[in-house]
Amino acid sequence: GESVGLHLPTLSVQEGDNSIINCAYSNSASDYFIWYKQESGKGPQFIIDIRSNMDKRQGQRVTVLLNKTVKHLSLQIAATQPGDSAVYFCADTLLMNSGGYQKVTFGTGTKLQVIP
Amino acid sequence: EAGVTQFPSHSVIEKGQTVTLRCDPISGHDNLYWYRRVMGKEIKFLLHFVKESKQDESGMPNNRFLAERTGGTYSTLKVQPAELEDSGVYFCASSQSGQGRYNSPLHFGNGTRLTVT
């Protein structure tokens, strides 16, 4: 992802509303995608993943959509709660050396603020 | 199962000093990654170990940074001498070995916040 300087994109949503966080990736060969949530003072935590042979995957209150044509990933959070406030990162993964290892590239991140 | 642990959680040093960060990955994870996040910016890749070998160190900014993973267990990242622009949060992550076409997510530690004054 491209740096946006010192300021993260911020999304403010009302508690109970749905949130949609978007991400663009650059490598068309990437074949595995992950959304991470980072809370203050903690490391990124896995939320949900999706492989390139899928375009949608649902978890508990979260859905990830993948559009490979335009290299776009989105994370939808249903009924957003105050505990969802965090910075969200997408990551795309390229499998290297016939599965020997994966090269993971992170997007810039989006700060989600939930208004009680 | 214990997660990825990093030490110290915070470090404040003066420009020109040396700091060593440590990461203990999840037991059994062959892959170990170092990333860093400078204030307000994205998480940038530094390097990747597979067991004790450096698989990819293309993200290391310069020769002031030295990473080791002797024995393929824990890893250290040394910054010597530290500069002001090295300030940021350094994350370590680990993952299981790839299984053919199937990837596994990275498991992150809570990071070391480094402040160089």
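The values are calculated or read from the model by the stated rules, or taken from the named source; none is laboratory data. Keep in mind that this is a model prediction, so the values were computed, not measured. All Cβ positions, even for glycine, are placed from backbone atoms using ideal geometry, and neighbour counts span all protein chains on display. We work out accessible area using only protein heavy atoms, side chains counted, and drop any ligands, DNA or RNA first. Shrake-Rupley method; radii C 1.70, N 1.55, O 1.52, S 1.80 Å.
On the stretch given as segment A:18-41, residues that are surrounded by 14 or more Cβ atoms within 10 Å (Cβ to Cβ) and assigned to a loop (DSSP other than H, G, I, E, B) total 4. Could you say which residue among B:L106, B:L77, B:L84, B:L114 is loosely packed, with under 15 Cβ neighbours inside 10 Å and among the aliphatic types (A, V, I, L, M)? Just a single option satisfies the conditions, and that option is B:L84. Candidates B:T20, B:T5, B:T70: the one that is surrounded by 14 or more Cβ atoms within 10 Å (Cβ to Cβ) and either away from chain A (no Cβ under 14 Å) or basic (K, R) (or both) is B:T20.
Anything in segment B:103-117 that is at pLDDT below 95 and either more than 14 Å from chain A (Cβ to nearest Cβ) or in a loop (DSSP other than H, G, I, E, B) (or both)? List them, or say none. Across segment B:103-117, the qualifying residues are B:N103, B:S104, B:P105, B:L106. A count restricted to segment A:61-104 and to residues that are more than 14 Å from chain B (Cβ to nearest Cβ), part of a loop (DSSP other than H, G, I, E, B) and touching a strand residue (DSSP E or B) at 6+ places or on another chain (Cβ under 9 Å) stands at 7. Out of all the residues in segment B:54-61, is one or more away from chain A (no Cβ under 14 Å), open to solvent by less than 50 Å² (accessible area, probe 1.4 Å) and either in contact with a strand residue (DSSP E or B) (Cβ under 7 Å, 6 or more places away or on another chain) or modelled with pLDDT under 95 (or both)? Within segment B:54-61, one or more residues are away from chain A (no Cβ under 14 Å), open to solvent by less than 50 Å² (accessible area, probe 1.4 Å) and either in contact with a strand residue (DSSP E or B) (Cβ under 7 Å, 6 or more places away or on another chain) or modelled with pLDDT under 95 (or both).
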